[in-house]
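Heads up: the structure comes next, in structure tokens.
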Amino acid sequence: MFKALGRCTLPKCNAADASGLKIAISLLRRFLSYSNAINASELNERLVSASGHLDSDVVGPIKATVIPGRGRGLVVTQPVKVGDLLLACKPLAFLSNPHGQEQLPDPMFLLEQLFQHKSSIDSSWTSAWLRLLYRGKNHSTAASKANDDEAAQLNAMLSTGQLPNVQNAGTPIGREEAAAVVQYNAFGDKFDDPVASAAGSEESLTDPNVHGSKARLGGHVGLWPHFSLLNHSCLPNAVHYTIGSTMVVRATQLLMPGDEVCVSYLGTEDHAPAAVRKKVLSERFGFTCQCPRCVLEEGLTEEMSSLLQEIHSDVHQNLMPQFTEVVDNGEGLEKVRNGIVKWSQMLYPQLEALVNSDIARDFQPVDRAGRSPLRRAASCSMEEEENLPEVGGPMHAVLCVEAAVYEFYQLVSMHDEASGMDHTASLQNCIQIMDAVSRGSELHTFLSARVLFRELSSSLKKSSPQAGGDMKSGQLRRASPAEIEQATRDCQLAHVARYGKLPTERTLKLFRHSERVGRDYL
């Protein structure tokens, strides 16, 4: 059993002012009422607990299969809800730098790790995985029978944790073949999940029954064979991150049997125009992305495609650096404001036209094989489903296009805040974009937590109830119960998608950590 955390620290208030907090906590207790697919309550807590660790790999309701036009991939075998754990697995090899050193170790050192430790490369389990993972086009075969046989072997390892019953399954492979596996399958990041690590470290300091803490990682690389089977989409239906050396994958959409599980291979390029994303994917991974989001952007008018590229380049190269300089010296905000006004006047009419276009009206996130569309996102309880964003259709299409210039919307929010304006609305716009294309991402949790705590704090202020207002003149609006409820829903959805269902107190704890950690990232 796992010891519950202490009470979360929330904004102080007296009984008369506590209505906002009551709304948030009441909603959470109702939302956090069902279990995930794989012994969810215990596993979810262990993954954000300093004392918890996984004794073995955890594989959810997924299987390997051959997907037309995409090769091997993973599909779900039963209905899956938002936040359900699909994978929690250990690496075959792993290297990391200390916290604060964001540079990634050379992935080829993973090869040295495998061969230096003779027991690793001679392990039947390790060798079986290395034989089955992608090793480049020369290794890949177009014969469906061979692909089907490999999928069957992978499923034997996924479902039973045992070697497939085939000849030479666990025979060690050569160094050249292992190098190809590392080249195409190694994954790295600049840091592990900061919120889960912060939550675990705090628990180790406050709970006498917990020994040690989770040491934050810097840049790290690893070879996670289960994770390597997942294909890419710029409009993913799963989120992935590391906690220590454990790779975690959770569903961020409602998936039905046969739906492929896709993650994004990108980082900050997730929120760039299709041309930028395609270039990165081609150079790093050797394929041309034809996911629904890329296809949508390919169908835009030439004028709009060019506009997205221009905005992205100007914000990234000029306006954002100028804004950073303004924050440092306190002067020159007008120049940034002029740039925002210029691009807004050009972008918004194009987006209005897009809403009424056939390409937006017919937009459905389907894969190239023509599988059924992604279903509407599942909430914590089915009765709440009607209040969640629709998947597909004009508004989803517009949000996907806006994601191509997300940095512009981020700049608008930062500008509003620096100008002393209430920037809750511009933050909420950023949250809508994140929910549409990157649900459960770090950025999604940071933004939603920030808005929730702003709304809770403003609900305690004795200020004007007007919408909007100038913070410098003391006329900050006071959040209404409906606004607090919406902010709670947004924050809950983002965190459940990333961390799964957890007890209310621990969920509130994660909200607070997201808000605090997010200050360093937003």
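Computed from the coordinates by the stated procedures, all read-outs in this text should not be read as laboratory data. Remember, it's a predicted structure, so these values are computed and weren't measured experimentally. Glycine also receives a Cβ, built like all others from the backbone with ideal geometry; neighbour counts cover every protein chain displayed.
Miscellaneous remarks
- Of LYS90/LYS509; LYS190/LYS342; LYS81/LYS509, pairs whose Cα-Cα distance is over 29 Å: LYS190/LYS342
- With the simple model of a label 7 Å out from the Cα in the direction of the Cβ, THR268 to TYR134 spans 2.5 nm.
- Across the stretch 235-244, computed HN-Hα scalar couplings (Karplus, 6.51 cos²θ - 1.76 cosθ + 1.60, θ = phi - 60°) run 10, x, 10, 8, 10, 9, 6, 10, 10, x Hz from first to last residue, x flagging Gly and Pro.
- Segment ASP358-ALA152, length gained on full extension (0.36 nm per residue, minus Cα span): 70.0 nm
- Label point distance in nm, VAL341-GLN183, each placed 7 Å from Cα along Cα→Cβ: 5.4
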